[in-house]
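Written below as structure tokens is the structure these notes are about.
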Amino acid sequence: MPILRDNYAWVVHDGRDAVVVDPGQADPILSWLHHHGLHLKAILVTHHHGDHVGGIAGLLAQSPCPVYGPAAEPIPLRTHALADGDRVRLAAPALELAVLAVPGHTLGHLAYFGHGYLFCGDTLFSCGCGRLFEGTAAQMHASLTRLAALPEDTLVCCAHEYTLANIAFAQTVDADNLRLHAWAELARRLRRQQRPTLPTRMAQERATNPFLRCDRPELRVAVSRMAGHEARTPVEVFALLRALKDEFHA
Ligand code: ZN
Ligand code: FE
């Protein structure tokens, strides 16, 4: 569900019981759960930024439940501290998620994967990735490479609706990518209809997201030309790409 300015909190439910991922705000989530007759059974958090944890206290005040989050970050009211390789198992809704450490945007950032869904917070966006607030380019590149290796039909549940702005940048570095242009058309239509562009499929991200395509010769050439110096490795391509994106305004 859309919250705040451009965040999504993801609600997983079985018609009775629900789990919320990255509740940046309590009120809209509480009223949505109430409207659908759902009981909140757990909160999952990917990282410590306010737009992902700001609703935890308000949700717990109405429905006390466990709060899962990264051990390496300060998460308000966390009850279960998680690290890479852990699993989150819940009885209702029946859920088993693998915990993946994906440092870069923040150092303790986690992603949750299971049942064909990936909850990746601010690590991977459609046609983009999170800014490097705490980690290095090498860390973020490794994290994205790890996510990109998940099954191609994985539904990627990102925490922000940044797709159109990301596509505008992607088209400047990957101008001949026909899949990217097709996704641009569809994404614009969805947004005109005020529908989310997410979740996206991993296969589509591998084909269109420049940050997952740093090993492609055409990306290396384009990025090196735009940055004014030669990138030699995929990590160098990634670092230049991230820096160009930071400066980009559509
Ligand atoms: Zn963030
Ligand atoms: Fe965020």
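The values are calculated or read from the model by the stated rules, or taken from the named source; none is laboratory data. Quantities reported herein were computed from a predicted structural model and do not represent experimental measurements. Here the Cβ is made from the backbone with ideal geometry for all residues, glycine too, and neighbour counts use every protein chain on show.
Computed values, structure above
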item: Tally, over the range 26-47, of residues that are surrounded by 21 or more Cβ atoms within 10 Å (Cβ to Cβ) and either within 16 Å of ligand 1 (Cβ to nearest atom) or aromatic (Phe, Trp, Tyr) (or both); result: 4
item: Selected residue (criterion: farthest from TYR112 (Cα to Cα)) from residues of the range 12-28 that are among the hydrophobic types (A, V, I, L, M, F, W, C) and within 16 Å of ligand 2 (Cβ to nearest atom); result: VAL20
item: Long-range neighbours under 7 Å by Cβ, at least six apart or interchain, first residue closer than 21 Å to ALA91 by Cβ within the range 43-64, second within 11 Å of ligand 1 (Cβ to nearest atom) and assigned to a helix (DSSP H, G or I); result: VAL45/HIS52; VAL45/VAL53
item: Qualifying residue in the range 54-68 (condition: closer than 30 Å to ALA207 by Cβ, away from ligand 2 (no atom under 16 Å from the Cβ) and of a type outside the set (Val, Ile, Thr)); result: no
item: The one condition in (1) assigned to a loop (DSSP other than H, G, I, E, B); (2) surrounded by fewer than 19 Cβ atoms within 10 Å (Cβ to Cβ) that ARG179 fails to fulfil; result: (1)
item: Qualifying residue in the range 210-229 (condition: assigned to a helix (DSSP H, G or I) and within 16 Å of ligand 1 (Cβ to nearest atom)); result: yes
item: Residue list for the range 85-117, restricted to those being within 16 Å of ligand 2 (Cβ to nearest atom) and either assigned to a strand (DSSP E or B) or without any contact (Cβ under 8 Å) to a residue 60 or more places away in the chain (or both); result: VAL102, PRO103, GLY104, HIS105, THR106, LEU107, LEU110, ALA111, TYR112
item: Conditions (1) surrounded by fewer than 20 Cβ atoms within 10 Å (Cβ to Cβ); (2) under 30 Å from PRO66 (Cα atoms); number of the one not met by HIS105; result: (1)
item: Residue under evaluation SER224, criteria (1) surrounded by fewer than 21 Cβ atoms within 10 Å (Cβ to Cβ); (2) touching a Ser or Thr at 6+ places or on another chain (Cβ under 8 Å), criterion not met; result: (2)
item: Condition check for ASN177: within 16 Å of ligand 2 (Cβ to nearest atom), within 22 Å of GLU218 (Cβ to Cβ) and modelled with pLDDT of 95 or more; result: no
item: Subset of the range 48-84 [part of a loop (DSSP other than H, G, I, E, B), within 16 Å of ligand 1 (Cβ to nearest atom) and in contact with a helix residue (DSSP H, G or I) (Cβ under 8 Å, 6 or more places away or on another chain)]; result: GLY55, ILE75, PRO76
item: Counted residues, the range 109-128 - those being within 19 Å of PHE238 (Cβ to Cβ) and within 14 Å of ligand 1 (Cβ to nearest atom); result: 9
item: Residues of the range 15-39 that turn out to be under 16 Å from TYR68 (Cα atoms) and in contact with a Gly (Cβ under 7 Å, 6 or more places away or on another chain), as a count; result: 3
item: Any hit, the range 196-207, residues being surrounded by fewer than 20 Cβ atoms within 10 Å (Cβ to Cβ), in contact with a Gly (Cβ under 7 Å, 6 or more places away or on another chain) and in contact (Cβ under 8 Å) with a residue 24 or more places away in the chain; result: no
item: Within the range 178-193, tally of residues that are over 17 Å from ASN209 (Cβ atoms) and more than 20 Å from the chain's Cα centre (by Cα); result: 3
item: Hits in the range 129-159 - residues which are under 15 Å from ASP6 (Cα atoms) and either surrounded by fewer than 24 Cβ atoms within 10 Å (Cβ to Cβ) or away from ligand 1 (no atom under 16 Å from the Cβ) (or both); result: CYS157
